[in-house]
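There's a structure below that I have some questions on.
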Amino acid sequence: MPLDPQAKLVLDALSAVTMPDPWTIEPAVFRAQVREMRVAASEEPIGRVENRSIAGPAGSLPVRVYTPLERERAPLPVLAFFHGGGFVIGDLDSHDGTCRALANAARCAVVAVDYRLAPEAKFPAAAEDCYAATCWIADNAATLGVDPARIAVGGDSAGGNLAAVTALLARDRSGPRLVHQLLVYPVIDCAFDTVSYRENAKGYFLTREMMRWFWHHYLDKPDQAADPYASPIRAATLAGVAPATVITAEYDPLRDEGEAYAARLLRAGVPTSVTRYDGVIHGFFGMGNVIEKAKLAVAQAGRELREAFAS
């Protein structure tokens, strides 16, 4: 399908900003420059937003708790949300608009997790933070006013990876029972050889070289690429993980690995829906103020989360 006109406008605006090759600069500098490029998201009205700090595997772990405008009586269902950014960039503010939109669309509480970033904290630090935060939600459900029997995990891009890995860890460690995993154009495999990587290697916001750079900083050793808690598609089996919603974008290097993961989930007997949004680019899910299809995707995610919470 041709590139969505609204996505093209975003790409045209981004192309006007000169960005250096990430291989030539330090991650902290790249983070600052990416913050300057953020597509501003409208601040959707929300019931309540609260910043908190919880005990993480390596010290204090910041989280942000969102309460929706429309909600059922407490305890609320809850989504643990992990932001994207290639394990290297991103924070609570970069995905504040997304978390607000998901809380309202799913009518659930959202707990966004500010996990440790690479390369200062390499694999598996981010995954352990996200799993620990999910356990914390279950253990502190009464205080949070959420239902420990209705916990979902979700994230976009690298956050989608961390949601999938958290679902694996919850299964493997007999952790909290998760009712759903929301995987938005997730990073699923440390490999760069799919058709979508070749078709969308450059020119569509996220590039193949950027993904190589992200993985380079995330992994401590190259052989960790085969670890299923880094590349969840390499797990021996996906049987027993939470049902999933997988959302992909046509003009995205990560498209094929997300869809391959959905196929593996289905073959393992895991209820899974997979939807490709044609004409759009990586990152579109958080661009509802400029790309109409983002609103459709958020509405779908909210609907499928509500169904999971009600089952």
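Sorting check: for 216-227, 131-142, which peptide has the highest mean count of neighbouring beta carbons within 10 Å, and how do the rest follow?
Answer by packing, highest mean first, reads 131-142, 216-227.
Enter the accessible area per residue of the chain (Å², integer; probe 1.4 Å; all protein chains in place).
Per residue, the chain has 41 Å² of solvent-accessible surface.
Going by average Cβ neighbours within 10 Å, how do the peptides 175-186, 117-128 rank, with the highest at the top? Mind showing how you got there, number by number?
On the way: 175-186: 25.3, 117-128: 19.8.
Put in order of decreasing packing, that is 175-186, 117-128.
Give Lys202/Lys295; Lys122/Lys295; Lys221/Lys295 a once-over and call out the pairs whose C-alpha atoms are over 30 Å from each other.
Violating the 30 Å limit, Cα to Cα: Lys122/Lys295; Lys221/Lys295.
Also, quick follow-up: Given C-alpha coordinates of the chain, what is the ratio Rg to Rh with the Kirkwood estimate of Rh?
Here the Rg-to-Rh quotient is 0.93.
Given a 1.4 Å probe and every protein chain left where it sits, what share in percent of the accessible area of segment 1-97 is carbon and sulfur?
Carbon-and-sulfur percentage of accessible area, whole number: 53.
Could you sort the peptides 159-169, 75-85 by per-residue average Cβ neighbour count (10 Å cutoff), highest mean leading?
Working: 159-169: 30.3, 75-85: 25.8.
Final packing ranking: 159-169, 75-85.
Next question, about the same structure. Please list, in chain and number order, the residues 5+ apart from Gly56 or on another chain whose amide H is under 5 Å from its amide H, with Hs placed from the backbone.
Sorted by chain and number, the residues that satisfy this are Leu61.
For labels at Ser174 and Arg35 in the simple 7 Å Cα→Cβ model, what's the distance in nm?
Distance between the two pseudo-spin positions: 4.4 nm.
Leaving out ligands, DNA and RNA, and with a 1.4 Å probe, what % of the accessible surface on segment 201-311 is carbon or sulfur?
Percent of accessible area from carbon and sulfur atoms in segment 201-311: 54.
I've got another one for you. Apply the Karplus curve 6.51 cos²θ - 1.76 cosθ + 1.60, θ = phi - 60°, to the phi angles in segment 80-89 and return the couplings in whole Hz, x for Gly and Pro.
7, 10, 10, 6, x, x, x, 6, 10, 10
Once you keep just the Cα pairs under 8 angstrom separated by 6 or more residues, what percentage relative contact order results for the chain?
Relative contact order comes out at 19 percent.
The values are calculated or read from the model by the stated rules, or taken from the named source; none is laboratory data. The model shown is predicted, which means the values in this text are computed figures rather than measured ones. Cβ sites come from the backbone with ideal geometry, for glycine too, and all protein chains shown count toward neighbours. We work out accessible area using only protein heavy atoms, side chains counted, and drop any ligands, DNA or RNA first. Shrake-Rupley method; radii C 1.70, N 1.55, O 1.52, S 1.80 Å.
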